[in-house]
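I have placed the structure first, in the form of structure tokens, so that the comments after it can refer back to it.
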Amino acid sequence: MSEPRRPIEDFPAHPAGDPAADLAHAVRERRTALGISVVDLAEQTKLTARQIRAIEAGHAAPTLPLLTALAAALRTAFTA
């Protein structure tokens with residue numbers, strides 16, 4: 001018989017800090033540095049402006065395919 005799953009509160013915080021906040025900051029900084037609006041970035045990535053705003057606010061964690069699309073639209077590579 002397997003052990004029950006531990007609640008999320010039992011897991012330690014991410015060792016590298018807050019990845020969602022780091023991603024949010026990086027996307028916003030790169031987008032503004034390139035002079036791209038939220039609407040333009042949304043169109044280039046096939047997301048909505050609302051989804052871009054959620055990512056930039058740290059409220060959404062994009063999937064790997066979406067990260068790839070963001071990186072391409074922002075003309076950069078993402079690293080772990």
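Read-outs: derived from the displayed coordinates by stated rules, not from any lab. All values reported here derive from a predicted model rather than from experimental measurement. Here the Cβ is made from the backbone with ideal geometry for all residues, glycine too, and neighbour counts use every protein chain on show.
The HN-Hα couplings worked out from phi for region 19-32 by the Karplus form 6.51 cos²θ - 1.76 cosθ + 1.60 (θ = phi - 60°) are x, 5, 5, 5, 5, 4, 5, 5, 5, 4, 4, 5, 4, 5 Hz, whole numbers, x standing for Gly and Pro. Sorted largest first, the principal axis extents computed over the alpha-carbon atoms of region 17-73 equal 29, 22, 19 Å.
Applied to region 72-77, the Karplus parametrisation 6.51 cos²θ - 1.76 cosθ + 1.60 on θ = phi - 60° returns per-residue 3J(HN,Hα) values of 5, 5, 8, 6, 8, 10 Hz, with x for Gly and Pro. Computed from label points 7 Å out along Cα-Cβ, the spacing between Ala33 and Ala57 is 2.5 nm. Applied to region 52-68, the Karplus parametrisation 6.51 cos²θ - 1.76 cosθ + 1.60 on θ = phi - 60° returns per-residue 3J(HN,Hα) values of 4, 4, 5, 5, 5, 8, x, 9, 9, 10, x, 6, 4, x, 6, 4, 5 Hz, with x for Gly and Pro.
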